[in-house]
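J.: Once you've had a glance at the structure underneath, I'll fire off some questions.
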Amino acid sequence: MQGKLGKFDAFMILICGLMFADAIASNSSAGVPSITWWLILGLLYMIPSGFIIGELSGAFPGEGGIFVWISEGLGPKWAARTSWLFFCCGLFIPVSSFVMCSDILFTLFYPAAPFVARVAVALVFVWLMALVCMRPMSESKWVVNIAGLVKIAIFALALVAGIAYLAKGNAIANDISLATLTPTLDQSLMFLPIIVYCCTGMELASASAEQLDNPSKMLPKVIIGVAVTAVVLNVLANLGMLMVLPVDGIDLDLGILDLFLVGFGSSTFYYIAGIAFLFAVFAQCVTWLVGGNRGTAESAKEGELPAFLGKETKGHQPIGAILTTCAASTIMLILYAFMADTAADLFFSLLSCGVIGSLIPYVFMLIAYQRLKRRGAMDGYVGFKAPAGFALSWVCQIVQVVTLLLMIYIPGHGWNPDVITNVGGAAFMLITGELAIRYANAKAKLQDAAAPSPQLDEEAVEG
């Protein structure tokens, strides 16, 4: 009998998948106002989203998470489109994280390594992730649990590094005052989508609902607790980095290492923190790949996506979707490598493209939630309900739509620097999704047409 995941396990799954240690540097690059933006978006988006996802998780705790909710609210085809977008995000987001991991690994042990070597090691990380993902989450939960604790430590140590830096008599790297904390509409707008992206992922534990112990009761409490924890820790981490590193000196790829090296002034801690960071980010990618592909597998089993994506291991891991993602990620990484001059450029380009694809499913999720509320589909549910859930869903939806627009055009600054890759990536995901759905439906019709009718079977028996 397969082991169950408890409340601590579910909490750590979300911490591991939701606390984006690899985005601390890019968040801080939005400047001192990023601290205030985190508080604003935490109150207007992350915590309200946690309430809504908590309610959906309790009312519909089936395997597949967001796929189940959208299927209930909008139908299986929209659920399939959502699943495909999450599947495609596996081509961008884990790969961008592994580009960063590879760059950090070489920076620690072989700084002179060429760009090609860094891309090659990122590919090794991709396939190592596939091997880990083949095991049931209940068996590999120790990896996620340790990684979750490591992540909490990294975020907390970011603030400690800032305090240690100031304690040694150093001047604060950026002017942090009431005036500079006031939200601005300058370069912050370019990095705001990354902050919003860091507020997503609270449905990941719901994707493994069948492996959880009493999910309808457990998930709402865990999700809301993680949402509050994530906002607090991200604010503290941003504050710590801005104490130590000037905004224009934050490297999007290696910023976290620079923070620990300058803040603590210890090369030993620099290496320890670097290795811990690599482990935490790797586990984060495992969590996202499994959680994101469960919906893909469910859509495939429903006949809405190609059947090979629905293949599972004996432990019910979505192996078909996972292997396909890793194979496509390999091709995607090689192609994107020709478009970037450095690992930092490659990291941000891939991450930016993945963000636009990962936010669209949440637009569908909120539409499904609103439709379920209007139909009274959750009236019989007596567990946790989001306070003013319908109103909160509109607030969250506005934040998401504005964020998606910022991925294309930034008011006062013109087109987003990554507009071509963002729009191209989004078009690729949407078009290939429609093609995959059409292919699956056409194949299902052919199989139905080829199958003998019940009437003919009966006549054969009588004859």
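J.: Looking at the chain, which longest stretch skips every one of the chymotrypsin sites (Phe, Trp or Tyr not before Pro) that is in a DSSP loop with at most 16 other Cβ atoms within 10 Å, leaving the sites themselves out?
T.: On the way: sites that count: PHE338, TYR381.
Longest run free of exposed loop sites: 1-337.
J.: Sticking with this structure for a sec: Using +1 on the beta carbon of Lys and Arg, -1 on that of Asp and Glu, and nothing else charged, what's the dipole of the chain about the Cα centre, debye to 20?
T.: Here the chain has a charge dipole of around 660 debye.
J.: Helix by helix, which DSSP H runs in the chain go 24 Å or more along their axis at the Cα atoms and have an average Kyte-Doolittle hydropathy of 0.0 or more? Numbers along the way, then the final one.
T.: Values: long enough: 76-109 (49 Å, 1.19); 115-133 (27 Å, 2.55); 141-167 (38 Å, 1.89); 215-244 (43 Å, 1.61); 267-301 (51 Å, 0.74); 319-337 (27 Å, 1.92); 343-375 (49 Å, 0.94); 389-406 (26 Å, 1.88); 419-450 (46 Å, 0.58).
Answer set is 76-109, 115-133, 141-167, 215-244, 267-301, 319-337, 343-375, 389-406, 419-450.
J.: Write down the accessible area per residue of the stretch 7-403 in Å², having rolled a 1.4 Å probe over the full set of protein chains.
T.: That works out to 34 Å² per residue.
J.: Over the chain, what number does the Rg to Rh ratio reach, with both radii from the alpha-carbon atoms and Rh per Kirkwood?
T.: On the Cα set of the chain, Rg over Rh gives 0.99.
J.: Using a 1.4 Å probe on the protein chains only, how many percent of the accessible area of the stretch 7-403 belongs to carbon and sulfur? Show your work: numbers first, answer last.
T.: On the way: 9380 of 13340 Å².
Here carbon and sulfur together make up 70 percent of the probe-accessible area.
J.: Kindly provide the helix-only [θ] at 222 nm of the chain, computed as the sum of -39,500 (n - 2.57) over DSSP H runs of four or more divided by all residues, to the nearest 500 deg cm²/dmol?
T.: -24000 deg cm²/dmol
J.: Counting only trypsin sites (Lys or Arg not before Pro) that sit in a DSSP loop (anything but H, G, I, E, B) with at most 11 other Cβ atoms within 10 Å, what is the longest stretch of the chain containing none of them?
T.: Longest run free of exposed loop sites: 1-167.
J.: A follow-up question, please. Hey, what's the per residue convex hull volume over the C-alpha atoms of the stretch 374-455, in cubic angstrom?
T.: Hull volume normalised by residue count: 184 Å³.
The values are calculated or read from the model by the stated rules, or taken from the named source; none is laboratory data. This structure is a prediction, so every number in the text was calculated from the model and none was measured. No Cβ is skipped: glycine too gets one built from the backbone with ideal geometry, and neighbour counts run over all protein chains shown. The area values use the complete protein model at the heavy-atom level, side chains included, leaving out ligands, DNA and RNA. Shrake-Rupley method; radii C 1.70, N 1.55, O 1.52, S 1.80 Å.
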